There are 2 protein chains.
Amino acid sequence: MREEEIIVVALGGNAILQPGQPGTVEEQLENVDIACRHLTEIMSTGKYKMVITHGNGPQVGNLLLASEAAGHIIPPIPLDVCGAATQGMMGYMIQQTLANHLRAAGLRHYITTVVTQVIVDKNDPAFKRPTKPIGPFYDFAEGERLHWERGWEVIEDSKRGYRRVVPSPKPLAIQETRIIRNMLDNGEIVIAVGGGGIPVVREKDKSLRGIEAVIDKDLAVGRLAEDIDADILMVLTDVEQVMLNYGEVDEVGINRMTVDEAENYLKEGHFGEGSMKPKVEAGISFVKAGGEKTIITALNKAVEALEGKAGTIIIA
Amino acid sequence: MREEEIIVVALGGNAILQPGQPGTVEEQLENVDIACRHLTEIMSTGKYKMVITHGNGPQVGNLLLASEAAGHIIPPIPLDVCGAATQGMMGYMIQQTLANHLRAAGLRHYITTVVTQVIVDKNDPAFKRPTKPIGPFYDFAEGERLHWERGWEVIEDSKRGYRRVVPSPKPLAIQETRIIRNMLDNGEIVIAVGGGGIPVVREKDKSLRGIEAVIDKDLAVGRLAEDIDADILMVLTDVEQVMLNYGEVDEVGINRMTVDEAENYLKEGHFGEGSMKPKVEAGISFVKAGGEKTIITALNKAVEALEGKAGTIIIA
């Protein structure tokens with residue numbers, strides 16, 4: 001019998017909270033339910049050991065809003081701790097819902113969430129140039145006040161107002177790699193690196209410390225897939241395929257591309273900054289490091305894509 | 001060489017946030033730092049595999065406050081999800097700080113937090129009689145409003161005002177038992193069952209669902225210690241020993257008591273409801289189920305107590 005392959009599945013932000021939804025737990029559980037139905041289909045093939053990662057943008061946004069609204073009565077929650085909180089909340093929803101679906105499908109897998117720290121370099125140039133908008137929108141005056149009072153970098157974001165921006169450093173290593181790998185070896189399903197992981201830096205004395213930053217979740221999941229020596233990296237997003245000339249009249253879906261082809265497309269600027277670009281970059285890096293393939297597709301095409309019938313595949 | 005014993009350590013609420021502290025992350029990290037120094041001393045003996053649990057009362061309180069303060073802009077966070085969030089936040093602080101201390105002491109253990117669900121009975125009589133106060137204090141009018149608008153049970157609490165009370169059902173099983181046990185077998189340190197665990201019930205179709213309740217953390221940790229077949233249950237609290245005639249002129253510390261003696265003291269009403277009583281109950285139950293011993297003591301007496309030189313020990 002062939003050994004199961006290790007697949008790392010990255011759930012897109014919209015898999016849990018869709019744009020425009022205020023974010024009640026009921027809404028989130030409904031979305032999680034749909035995602036878990038598809039994940040169960042993948043597990044039903046009996047071919048895979050699975051790690052699940054997820055975004056946390058809207059959830060961290062809500063938590064920051066709550067923390068600020070209550071700022072006069074409770075102390076603020078720093079970003080690393082916010083990230084840890086959303087890993088707990090969202091991991092819980094996924095592990096419970098997925099276990100229910102697996103049980104209904106007659107599958108038995110233990111499943112849990114591992115609170116995950118991702119190590120970044122203190123000297124990463126990103127710390128000099130914060131780019132990642134987080135939390136609520138402010139008007140100009142409020143943005144100015146927050147800049148001066150709290151030392152935040154504040155920028156105008158997509159003409160909707162002013163937002164805090166934080167650094168988005170490169171993920172160097174996943175602190176819990178060995179634990180996650182051991183769990184997979186035990187046949188367990190693991191939810192990890194939620195929201196790109198909790199960003200931490202290593203001090204001179206080797207100790208770890210949380211830092212105010214947000215790690216790109218696609219790059220973090222790529223890092224994870226490499227570090228645990230996964231076979232397949234599957235990035236689930238809103239579209240069925242990666243597109244060339246996206247949004248143009250001659251846009252065309254890519255069924256399969258080699259690492260070389262993908263790198264050329266990247267250079268030609270086919271993939272959107274902060275959306276498809278980091279997914280393709282993570283996919284390339286994973287395959288270059290020895291991964292079998294990267295698949296980028298929509299949630300409802302996941303099983304078809306594993307059979308080579310849908311999605312975009314990146315191979316060596 | 002003798003195999004390491006499995007020890008389950010329950011950190012008291014005050015180990016992370018002390019009464020009167022508003023609860024900044026800096027304060028919490030300082031307290032966690034002290035706790036982790038003692039936990040590192042225990043691990044330095046080389047005799048133990050360790051699971052760590054912790055309370056979450058003040059942290060859930062702050063999260064509920066924030067959630068309510070922001071109630072006009074973000075949806076409320078139900079109690080099970082609040083519990084999951086605090087497991088993530090506090091687990092993160094403990095796993096990072098403890099790893100730093102272990103590294104400084106020359107010890108190498110992988111360590112992480114497992115988001116933990118605890119199964120309770122839907123028909124537990126506790127659901128008919130909510131007793132556990134949570135969240136902020138309200139004045140009478142606000143309490144009345146919340147009772148009628150949200151269906152909350154609200155009681156007068158310790159003459160400081162009115163508070164929501166929720167059911168405190170008995171923990172029946174830890175959903176992540178197998179995973180935690182596997183991690184211990186791999187030599188990993190596990191943080192689990194934070195705040196008594198996330199309360200879930202099993203529906204007719206066998207699926208799990210979160211529920212608005214709070215599980216007593218001492219009973220939950222006892223349940224965990226039994227289920228993973230631990231050797232030692234160590235409950236760390238504010239006092240060095242369990243007392244007879246506590247608070248009276250003839251109060252006296254107990255060095256050692258058998259299960260029978262402990263049950264008699266319980267009947268005689270020596271131990272405070274909601275404080276020492278559940279600790280002793282959990283300790284008795286653990287030893288009756290085959291555990292070697294339960295130790296109840298203060299954080300700074302932990303190592304001495306393991307050597308039999310401090311604390312209160314419950315044995316068969």
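The values are calculated or read from the model by the stated rules, or taken from the named source; none is laboratory data. It should be emphasised that the depicted structure is a prediction, and the values quoted were computed from it without experimental measurement. Neighbour counts run over all protein chains shown; Cβ positions are idealised from the backbone, glycine included. In case anyone asks, the SASA skips ligands and DNA or RNA and just uses the protein heavy atoms, side chains included. Shrake-Rupley method; radii C 1.70, N 1.55, O 1.52, S 1.80 Å.
Looking at (1) on the phi < 0 side of the Ramachandran plot; (2) outside any loop (DSSP other than H, G, I, E, B), which is the one condition that is false for B:Gly195?
Among (1) on the phi < 0 side of the Ramachandran plot; (2) outside any loop (DSSP other than H, G, I, E, B), B:Gly195 violates only (1).
With A:Ala35, A:Ala84 as the choices, which residue is touching a Phe, Trp or Tyr at 6+ places or on another chain (Cβ under 6 Å), at pLDDT 95 or above and of a type in the set (A, V, I, L, M)? If you could, list the steps in order and put the result at the bottom.
Numbers: A:Ala35 fails: touching a Phe, Trp or Tyr at 6+ places or on another chain (Cβ under 6 Å).
It is A:Ala84.
Evaluate segment A:228-235: report whether one residue or more is under 18 Å from the mean Cα position of the chain (by Cα) and either over 18 Å from A:Glu5 (Cα atoms) or among the aromatic types (Phe, Trp, Tyr) (or both).
no
A:Gly194 fails exactly one of the following numbered conditions: (1) under 25 Å from A:Ile315 (Cα atoms); (2) of a type outside the set (Val, Ile, Thr); (3) in contact with a His (Cβ under 8 Å, 6 or more places away or on another chain). What is the number of that condition?
With (1) under 25 Å from A:Ile315 (Cα atoms); (2) of a type outside the set (Val, Ile, Thr); (3) in contact with a His (Cβ under 8 Å, 6 or more places away or on another chain) applied to A:Gly194, the lone miss is (1).
List every residue pair whose Cβ atoms sit under 6 Å apart, with the two residues 6 or more apart in sequence or on different chains, where the first one lies in segment B:289-310 and is open to solvent by 50 Å² or more (accessible area, probe 1.4 Å) and the second, anywhere, is among the small types (Gly, Ala, Ser).
Close Cβ pairs satisfying both conditions: B:Glu304/B:Ala310.
Has segment B:236-257 got at least one residue that is open to solvent by less than 50 Å² (accessible area, probe 1.4 Å), hydroxyl-bearing (Ser, Thr, Tyr) and under 26 Å from B:Pro169 (Cα atoms)?
Yes, segment B:236-257 contains a residue that is open to solvent by less than 50 Å² (accessible area, probe 1.4 Å), hydroxyl-bearing (Ser, Thr, Tyr) and under 26 Å from B:Pro169 (Cα atoms).
Between a residue in segment A:62-75 that is among the hydroxyl-bearing types (Ser, Thr, Tyr) and any residue that is open to solvent by 30 Å² or more (accessible area, probe 1.4 Å), which pairs come within a Cβ distance under 8 Å, given they are 6 or more apart or on different chains?
Close Cβ pairs (under 8 Å, with a partner that is open to solvent by 30 Å² or more (accessible area, probe 1.4 Å)) amount to A:Ser67/A:Pro76.
Scan segment A:201-217 for residues that are more than 16 Å from A:Pro133 (Cα to Cα) and buried (at least 21 other Cβ atoms within 10 Å of the Cβ) and jot them down.
A:Gly210 - this is the single residue of segment A:201-217 that is more than 16 Å from A:Pro133 (Cα to Cα) and buried (at least 21 other Cβ atoms within 10 Å of the Cβ).
Since A:Val190 meets every condition but one in (1) away from chain B (no Cβ under 14 Å); (2) closer than 24 Å to A:Lys301 by Cβ, which condition does it not meet?
A:Val190 satisfies all of (1) away from chain B (no Cβ under 14 Å); (2) closer than 24 Å to A:Lys301 by Cβ except (1).
For segment B:155-200, how many residues are open to solvent by 20 Å² or more (accessible area, probe 1.4 Å) and not charged (D, E, K, R)? Even if it seems obvious, please write down each step before you answer.
Taking segment B:155-200 as the starting set, the residues that turn out to be open to solvent by 20 Å² or more (accessible area, probe 1.4 Å) are B:155-160, B:162-164, B:168, B:170, B:172-173, B:175, B:177-178, B:181-182, B:185-187.
Adding the requirement that they be not charged (D, E, K, R) leaves B:155, B:158, B:162, B:168, B:172-173, B:175, B:177, B:182, B:186-187.
Residues meeting the conditions: 11.
Tally up the residues in segment B:132-185 that are closer than 26 Å to A:Thr112 by Cβ and in a strand (DSSP E or B), please. Don't jump to the end; show me each part of the working.
To start, the set of residues in segment B:132-185 that are closer than 26 Å to A:Thr112 by Cβ comprises B:132, B:134, B:166-185.
The next check asks that each one be in a strand (DSSP E or B); those that pass are B:132, B:134, B:166, B:173-174.
Of the residues in segment B:132-185, 5 are closer than 26 Å to A:Thr112 by Cβ and in a strand (DSSP E or B).
Assess whether A:Val221 counts as being on the phi > 0 side of the Ramachandran plot, open to solvent by less than 10 Å² (accessible area, probe 1.4 Å) and at pLDDT 95 or above. Full working, then the answer.
Numbers: on the phi > 0 side of the Ramachandran plot: no; open to solvent by less than 10 Å² (accessible area, probe 1.4 Å): yes; at pLDDT 95 or above: yes.
Here the answer is no, as A:Val221 does not meet what is asked.
Output the number of residues of segment B:124-156 satisfying the condition of being under 22 Å from the mean Cα position of the chain (by Cα) and more than 20 Å from A:Ile73 (Cα to Cα).
Going through segment B:124-156 one residue at a time, the tally reaches 8.
Only one of (1) surrounded by 22 or more Cβ atoms within 10 Å (Cβ to Cβ); (2) touching a strand residue (DSSP E or B) at 6+ places or on another chain (Cβ under 8 Å) is not met by B:Gly143, so which one is it?
(1)
Restricting attention to segment A:6-29, report how many residues are of a type outside the set (Gly, Ala, Ser) and loosely packed, with under 15 Cβ neighbours inside 10 Å. Walk me through how you get there before you give the answer.
Initially, segment A:6-29 is screened for residues of a type outside the set (Gly, Ala, Ser), giving A:6-9, A:11, A:14, A:16-19, A:21-22, A:24-29.
Restricting the remaining residues to those that are loosely packed, with under 15 Cβ neighbours inside 10 Å gives A:19, A:22, A:26.
Residues meeting the conditions: 3.
Within the set of pairs 6 or more residues apart or between chains, which connect a residue that is over 17 Å from B:Leu29 (Cβ atoms) and free of Cβ contacts under 8 Å to residues at least 24 places away in the same chain inside segment A:193-217 to a residue that is among the charged types (D, E, K, R) and open to solvent by 20 Å² or more (accessible area, probe 1.4 Å) with Cβ atoms less than 9 Å apart?
Taking only residues 6 or more apart or on different chains, the pairs are A:Lys206/B:Arg103.
Only strands (runs of 3 or more DSSP E) wholly contained in segment B:40-131 count here; list those with 3 or more residues that are at the interface with another protein chain (Cβ under 9 Å from one of its Cβ atoms) and open to solvent by less than 30 Å² (accessible area, probe 1.4 Å).
On the way: elements: B:48-54, B:111-113, B:117-120.
Once the strands (runs of 3 or more DSSP E) in segment B:40-131 are filtered for at least 3 residues that are at the interface with another protein chain (Cβ under 9 Å from one of its Cβ atoms) and open to solvent by less than 30 Å² (accessible area, probe 1.4 Å), what remains is B:111-113.
Would it be correct to say that B:Met257 is modelled with pLDDT of 95 or more and either within 24 Å of B:Val303 (Cα to Cα) or polar (S, T, N, Q) (or both)? Before you say what the answer is, go through the steps one by one.
Details: modelled with pLDDT of 95 or more: yes; either within 24 Å of B:Val303 (Cα to Cα) or polar (S, T, N, Q) (or both): yes.
Criteria met by B:Met257.
Please go through segment B:8-25 and give me each residue that is within 13 Å of another protein chain (Cβ to nearest Cβ) and touching a helix residue (DSSP H, G or I) at 6+ places or on another chain (Cβ under 6 Å), ordered by number. Working first, answer last.
Pass one, segment B:8-25, residues within 13 Å of another protein chain (Cβ to nearest Cβ): B:16-17, B:21-25.
B:Ile16, B:Leu17, B:Gln21, B:Gly23, B:Val25 - these are the residues of segment B:8-25 that are within 13 Å of another protein chain (Cβ to nearest Cβ) and touching a helix residue (DSSP H, G or I) at 6+ places or on another chain (Cβ under 6 Å).
State which residue is surrounded by the most Cβ atoms within 10 Å (Cβ to Cβ) when the search covers only segment B:30-39 and only residues that are within 22 Å of B:Leu224 (Cα to Cα) and away from chain A (no Cβ under 14 Å).
Across segment B:30-39, the extreme among qualifying residues is B:Leu39.
Using beta carbons and a limit of 7 Å, which pairs, at least six apart or on different chains, have the first residue in segment A:174-185 and at the interface with another protein chain (Cβ under 7 Å from one of its Cβ atoms) and the second one open to solvent by 10 Å² or more (accessible area, probe 1.4 Å)?
A:Arg178/B:Tyr110; A:Ile179/B:Tyr110; A:Asn182/B:Asn186
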